[in-house]
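A.B. asks: So that we are looking at the same thing, I have put the structure below in structure tokens.
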There are 6 protein chains.
Amino acid sequence: MNSFYTPESAIIIVAHPDDIEFSCAGTVARWTQGGARIAYVLCTSGEVGIAEKGMTKAQAAEIREEEQREAAQIVGVNNVIFLRDPDGMLQATIELRKKLVREIRKFKPEIVICGDPTIVWAGDDYINHPDHRAAATAALDATFPAAGQPNLFEELESEGIFAHKPHKVYVTGWNESDLFVNISTTIELKIAALRAHKSQMKGWDPEPRIKEWAADRAKGKEMEFAEGFRVVTLVSDEDWEKTKGSVLA
Amino acid sequence: MNSFYTPESAIIIVAHPDDIEFSCAGTVARWTQGGARIAYVLCTSGEVGIAEKGMTKAQAAEIREEEQREAAQIVGVNNVIFLRDPDGMLQATIELRKKLVREIRKFKPEIVICGDPTIVWAGDDYINHPDHRAAATAALDATFPAAGQPNLFEELESEGIFAHKPHKVYVTGWNESDLFVNISTTIELKIAALRAHKSQMKGWDPEPRIKEWAADRAKGKEMEFAEGFRVVTLVSDEDWEKTKGSVLA
Amino acid sequence: MNSFYTPESAIIIVAHPDDIEFSCAGTVARWTQGGARIAYVLCTSGEVGIAEKGMTKAQAAEIREEEQREAAQIVGVNNVIFLRDPDGMLQATIELRKKLVREIRKFKPEIVICGDPTIVWAGDDYINHPDHRAAATAALDATFPAAGQPNLFEELESEGIFAHKPHKVYVTGWNESDLFVNISTTIELKIAALRAHKSQMKGWDPEPRIKEWAADRAKGKEMEFAEGFRVVTLVSDEDWEKTKGSVLA
Amino acid sequence: MNSFYTPESAIIIVAHPDDIEFSCAGTVARWTQGGARIAYVLCTSGEVGIAEKGMTKAQAAEIREEEQREAAQIVGVNNVIFLRDPDGMLQATIELRKKLVREIRKFKPEIVICGDPTIVWAGDDYINHPDHRAAATAALDATFPAAGQPNLFEELESEGIFAHKPHKVYVTGWNESDLFVNISTTIELKIAALRAHKSQMKGWDPEPRIKEWAADRAKGKEMEFAEGFRVVTLVSDEDWEKTKGSVLA
Amino acid sequence: MNSFYTPESAIIIVAHPDDIEFSCAGTVARWTQGGARIAYVLCTSGEVGIAEKGMTKAQAAEIREEEQREAAQIVGVNNVIFLRDPDGMLQATIELRKKLVREIRKFKPEIVICGDPTIVWAGDDYINHPDHRAAATAALDATFPAAGQPNLFEELESEGIFAHKPHKVYVTGWNESDLFVNISTTIELKIAALRAHKSQMKGWDPEPRIKEWAADRAKGKEMEFAEGFRVVTLVSDEDWEKTKGSVLA
Amino acid sequence: MNSFYTPESAIIIVAHPDDIEFSCAGTVARWTQGGARIAYVLCTSGEVGIAEKGMTKAQAAEIREEEQREAAQIVGVNNVIFLRDPDGMLQATIELRKKLVREIRKFKPEIVICGDPTIVWAGDDYINHPDHRAAATAALDATFPAAGQPNLFEELESEGIFAHKPHKVYVTGWNESDLFVNISTTIELKIAALRAHKSQMKGWDPEPRIKEWAADRAKGKEMEFAEGFRVVTLVSDEDWEKTKGSVLA
């Protein structure tokens, strides 16, 4: 009766620790429960996000990486990659694009999840973080068409890494979702994963807000809680079945 | 995990035999399976819809009423009321409004389902039937506020019929649904009910078209097939629990 | 510094007692303070709106007319006309159009205020009252072009009443206003006028709701409270200065 | 290189003399030049539109009918039918619908041109005339599905008139056109036809305004002047080729 | 009766001399009259904007800076900072972001005014200047979240400059304003300030154009002239009252 | 009867070989037939687009440049400029902007055709290529205002190249076109030009897809096939007649 689809693998690319938990950890939990292979790629380690007297940025980064690894494990993800670009100053450079192409080609995911690079304005009391825009731009540009082009960043072949075309891109975001994932059975995991970012909670209980947002997206769809995505299909279902992303040079 | 709501009762008001089957019979089936009390009200008996040499309109009406009763039974509905206004010439008069108020007050439904009176244009190869607009206007005007006003059509009290305020209106239609009902388990009943209108099929197999439409509405919501509605809440959940629609004069 | 315009005269046409108070009494108050001549025309006397054991509709109508007259006086209006069409069953007939043409031609207003006949849906917990749609349709159709056509309803000439073209129509409503009237100095009068409809209050204090709505429309315009209108100009400012609405046959 | 389509026949249904000239006479001219059979149906004779001391409405109607016939001839149309419903008080009654069904069934047009019944607001200095809305509603309701239903208004068979399903409806109007007809070669005929309504010109030269409007619609389409339509296809091209609108009972 | 708000301080960040005068100098004038502390930050000195035989860019920059200082004084602003990035080649680099963070942290404004980085298309005869997009991007990225993060650009502490979170951002621009400031009493100052940019006037009288634009935005709001902004609140009113933007590390 | 405009000259700026053929070669063909002087500027040579064992990128670039020159000749264009920035890594740098300014100032075009830098999302199975966004941004920023500013990139004067203000920008793209060019007579040339990119065809026949797209844009405009553009006028027709783009320092 339901038509729920679990990909065989997915890579999620974001700017900071906790970005995944806010946007799509409920979906990730369903996918890991369904047996999917998942990797997280964090462009920065969020070292700007802890500002305590006497703590160095390096120490802050270490804490946040550890919290992110715990958050990942809560939803069944063990593969967490940190690119360690500077937090608060992330730029969508060709270098970052190449680093992301490397991870995509290595992991060979069916799905790439990333943010929406076009979003600047986000309601009347928030502006989209410039790092989010940079990570989203770099992730999207790495995914299409770069990762799937044998003749681009071909020097990665010397690392034994070859072109890979993902099946689909899932874009998290506040606007116009066309796919809603029912996270009613995994919302507690999502909240637990968010709570693993202890340095960011400071007495704030994320449960009511996360449930309110997720209920809002679930509304009218026979779901209690949902996450929403814009989906772009880069390789047709048919072709994906044959190639699983591999590209012959 | 799912948040599906079955009302205790619902009345569905349309212009013609088969209008319910096209728009909401899958939802009706789920509701009757959940124990809901349902009534159908048909403003006309669709006598224009069979044009055969030598057949009178009265005979055509009889055939179509019988088909509608069968279609109703397929989804578990036994209560089918025919107002017998003229097919093809339905007008949203005060008289029709009063007839509908009578049925609503008698049946005391939690939900009224009707069409959208504002729709004229419907794609580039269909125009909304004027009878549909008339039935939708009359149904909506009967539902709010007329049915719930003790001092309007108060002469019905002599029939032992008193004011009733329904909980919600569900508006079927092509535009901007905000509630999607998963009909994956009842779509076969919906199609069977539609097929009961034998005089309208003329060799046409409704299955592919109905499934295409229902799949389209289900898209991105973890449903295989869906029907969509615009919902307006006339009495708050709290008040409905207390009053069940009764109005003290 | 401000550019506030007070018309010399205005007629306000609505379905029921209290419709003016909800929609535009704050504007009316500013205009009467500025010396404008104002008339209210009520298509029905709202007799359905009081449902008390033992009270006849005629008695209810009397009470509501009296309340409306008091409400009018609070904002400086003495001229209140009741057409006494049936409440809850108002229809936009040619007869009603003619009655409204008579009042417009007699009063010779610069402005006609009425509702928006196209509004059916109004949020997820209200449906526009069919009487409101009927009154708005009849008022608009009476205003343009009927009132200004010497050869239409020309039999009114025998009553000494001649064609009149109003300068502008102000349409009250929930959608897309293009004119906002600052009612910060008259909102207390508006609320007092609304309270004059004692039979409708039943312990409800309208102040918070009215202020919330009016503050919402005032937002971002250096106003504390506002009412909004869609304005249609039927006679140019230049021509109005010359004709004041008179039409030569 | 161009893809211009001339129907074999068309009926144009409007409220008043000169409505056709304002909306679609340039298209009519191209069609008559291409050999199309055309009929005009006017619901009223526009008798309110001349208000002169001592002239009766009957006289005014006669003048306007004559002007309309001249305007028709200028674009090659000889068949002009007047239904003589009252100008300024046109209502979309079942009676009017039936009269229009009669004309459609008699003339058997490929195309019906009419107005858009949903338009009330039309910029900030015009309101759509209630007669236009009434004529458009009646015309649309007569065209679909009434004209093509053998069992509706079947009493017309006694006049030797049988059901006919037109191929397409062309809706004139200010909004969202999806078909643009190049009237660069016929705009002078359109203007001449409009000028034939001498009683309405009163020294006004329609040329600049008509050309401005038509140029505006032509913009960006390699046309100098255009008229715009919304098109609804009621019978597929294939079926039309076979049936030419005839319906077997 | 009016609800006008004067912040205690504001910093305005733009690309070129005269950008402030075109977009928000009328608002600035009202704020300085109300006692607000204001600073202007210009990313470039507009040296490309004077192209005269024999004049060096350095000389052009000097002239334009002087004109900008005069324009500032006309509306009561003495604090004008020039960052002297290259005109016509402005890029939203991390370096520019850091320079802007320095100025915001030093000045500790309640409000930051800047442009909208998302605007490329601006009508059919203008394209938004790339410097405007760059300045707007850098200003927005500096304001949120950079300026308020103690751990980002923390090396500025050695200059005695600490993290500061502004209360609100006001975004000038052509689209969707949600705040309108009445500049009827200051429009003459705005025009005078614009005229101070003598090198840009070349016989052009800015008065009619500026008044036309400002009247257009004032329309329907009881204002004669207005400027429009999109407002984003970064720190709630309550928190602002307590912190005035200071951030404890 | 038609209002088709052929510019005296146009420069088309894109990222890769075959971008022009997909977007605007039909329009180019009409313009060269009308005598227009045309130049193509390609930011990269598309060397990533051929991935064959043993072929170097330099060889791939050579092949694609040759294919592009052939494609150009098919529609009558001999002037093809390759900037040879790296394919797949194009960035909208100031250096690229300067290279484009050089070409624009040298060629002195009436029209610049380029892409739309704001487009990221393009349906549910394509994402706009990052090189397309970069080329469009650089082209637009080079065109306005850079190319027309004597004091920017003034060092180009040493190459005998002076400021030039183009008349109009034509933006190709999937959204909101306001100009449609009839390519019914040149669509075969467009397809032939596309086929000249042999290395990209790999057995794919572009004809059906190209015709489908072009027919879709032609719909309702008396054209069989069309290309669509958003047009921005930078220099008024009057001024262009006088200056032909030259700017006096």
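A.B. asks: Once the label point is placed 7 Å from Cα along Cβ, list for F:Glu176 the distances to the corresponding points in the other copies, in nm, shortest first.
C.D. replies: 1.2, 1.2, 1.6, 1.7, 2.0
A.B. asks: For a Förster distance of 35 Å, can you work out the FRET efficiency between the beta-carbons of C:Phe4 and A:Ala215, rounded to the nearest 0.05?
C.D. replies: Calculated value: 0.20.
A.B. asks: Rounded to a whole number of µm²/s, how large is the Stokes-Einstein D of region B:120-166 at 37 °C and 0.692 mPa s, given Rh as the Kirkwood radius over C-alpha pairs?
C.D. replies: 262 µm²/s
A.B. asks: Something else: In whole Hz, what ³J(HN,Hα) sequence does region C:212-219 give by Karplus (6.51, -1.76, 1.60; θ = phi - 60°), x for Gly and Pro?
C.D. replies: 5, 4, 5, 5, 4, 6, 7, 3
A.B. asks: Write down the Å³ per residue value for the convex hull defined by the alpha carbon atoms of chain A.
C.D. replies: Residue-normalised Cα hull volume stands at 131 Å³.
A.B. asks: According to a simple spin-label model (label point 7 Å from Cα along Cα-to-Cβ), what is the distance in nm between B:Glu70 and F:Thr93?
C.D. replies: Roughly 7.7 nm, to one decimal.
A.B. asks: Using a 1.4 angstrom probe on protein heavy atoms only, which residues from region E:26-75 are buried by at least 50 Å² of accessible area when all chains are present rather than their own chain alone?
C.D. replies: Output list: E:Val48, E:Ala51, E:Lys57.
A.B. asks: Let me ask something else about it. What's the ranking of C:16-22, B:112-118, B:71-77 by average number of surrounding C-beta atoms within 10 Å, highest first?
C.D. replies: C:16-22, B:112-118, B:71-77
A.B. asks: Continuing with this model, one more query. Can you bin every Cα-Cα distance in the protein assembly as shown into 20 Å intervals starting at zero and give me the percent of pairs per bin, rounded to whole numbers?
C.D. replies: Going from the shortest bin to the longest, the percentages are 8, 29, 40, 21, 2, 0.
A.B. asks: Also, I was wondering about something else. Over region E:121-232, give the accessible area per residue in Å² for a 1.4 Å probe, as an integer.
C.D. replies: The answer is 38 Å² per residue.
A.B. asks: Suppose you put the label 7 Å out from Cα in the Cβ direction; list, shortest first and in nm with one decimal, how far D:Gln73 is from each other copy's label.
C.D. replies: 6.4, 6.8, 6.8, 8.0, 9.7
A.B. asks: Rounded to the nearest 5, what % of DSSP beta bridges with both residues in the protein assembly as shown are antiparallel?
C.D. replies: 40 percent
A.B. asks: Taking the Cα atoms of region F:67-116, what is the range of coordinates along each of the three principal axes, in descending order and whole Å?
C.D. replies: 32, 27, 20
A.B. asks: Along each of the three principal axes of the Cα atoms of region D:5-62, give the extent in whole Å, ordering the values from largest to smallest.
C.D. replies: Ordered largest first, region D:5-62 gives principal extents of 47, 15, 15 Å.
A.B. asks: Still on this structure, I have one more. Computing the accessible area with a 1.4 Å probe over protein heavy atoms, can you report the carbon and sulfur percentage for the protein assembly as shown?
C.D. replies: 49 percent
A.B. asks: Can you say what percent of the DSSP beta bridges in region E:9-149, counting only those with both residues inside, are antiparallel? Round to 5.
C.D. replies: 5 percent
A.B. asks: Considering the rotational relationship between chains A and B, which residue of chain A contributes the beta-carbon of minimal distance to the axis, and what is that distance to the nearest Å?
C.D. replies: That would be A:Lys221, 2.
A.B. asks: Hey, another quick one. When the Cα atoms of region E:1-118 are enclosed in a convex hull and the volume is divided per residue, what value in Å³ results?
C.D. replies: Roughly 117 Å³ of hull volume per residue.
A.B. asks: Bin width 10 Å, alpha-carbon pairs only: give the P(r) of region A:90-180 as whole percents, running from 0 to the bin holding the largest distance.
C.D. replies: The distribution over region A:90-180 is 17, 44, 28, 9, 2, given as percents.
A.B. asks: Which FRET efficiency, nearest 0.05, do E:Asn79 and F:Glu176 yield, Cβ-Cβ r, R0 41 Å?
C.D. replies: About 0.45, to the nearest 0.05.
A.B. asks: From the alpha carbon gyration tensor of region B:144-205, can you work out the equivalent ellipsoid semi-axes (sqrt of 5 times each eigenvalue) and give them in Å, largest to smallest?
C.D. replies: 36, 19, 11
A.B. asks: Among DSSP beta bridges lying fully in chain F, give the percent that are antiparallel, nearest 5.
C.D. replies: Bridges in chain F are about 40 percent antiparallel.
A.B. asks: In nm to one decimal, list the spacings between the E:Glu159 label point and its equivalents in the other copies, with label points set 7 Å along Cα to Cβ, shortest first.
C.D. replies: 3.7, 3.7, 7.9, 8.3, 8.8
A.B. asks: Under a crude label model (7 Å from the Cα following the beta-carbon direction), how far is C:Glu159 from E:Gln33 in nanometres?
C.D. replies: 5.2 nm
A.B. asks: Per residue of A:232-241, count partner chain C-beta atoms within 10 Å of its C-beta, then hand back the mean as an integer.
C.D. replies: Other-chain Cβ atoms within 10 Å of each residue's Cβ, averaged: 2.
A.B. asks: Straight-line reach from F:Lys202: which lysines have a Cα under 16 Å away, not including same-chain ones fewer than 8 places off?
C.D. replies: By straight Cα distance, F:Lys202 reaches F:Lys53.
A.B. asks: While we're looking at this one, here's another question. In whole Å, how far is the Cα centre of region D:80-138 from that of region E:87-111?
C.D. replies: If we compute the Cα centre of each part, the gap is 63 Å.
A.B. asks: Right, here's the next one. Would you give the gap between the C-alpha center of region A:171-248 and the C-alpha center of region F:202-238, rounded to a whole Å?
C.D. replies: Region A:171-248 and region F:202-238 have Cα centres separated by 38 Å.
A.B. asks: So, one more: Mean projection of the alpha-carbon convex hull of region C:142-249 over all orientations, in nm²?
C.D. replies: Approximately 10.0 nm², given one-decimal rounding.
A.B. asks: Am I reading the B/C interface right? What is its buried accessible area, both sides, 1.4 Å probe, to the nearest 100 Å²?
C.D. replies: For B against C, buried area totals roughly 2000 Å².
The values are calculated or read from the model by the stated rules, or taken from the named source; none is laboratory data. The model shown is predicted, which means the values in this text are computed figures rather than measured ones. Note that we place each Cβ from the backbone using ideal geometry, even for glycine, and neighbour counts take in every protein chain shown. Heads up: the accessible areas ignore ligands, DNA and RNA and are worked out on the full protein's heavy atoms, side chains in. Shrake-Rupley method; radii C 1.70, N 1.55, O 1.52, S 1.80 Å.
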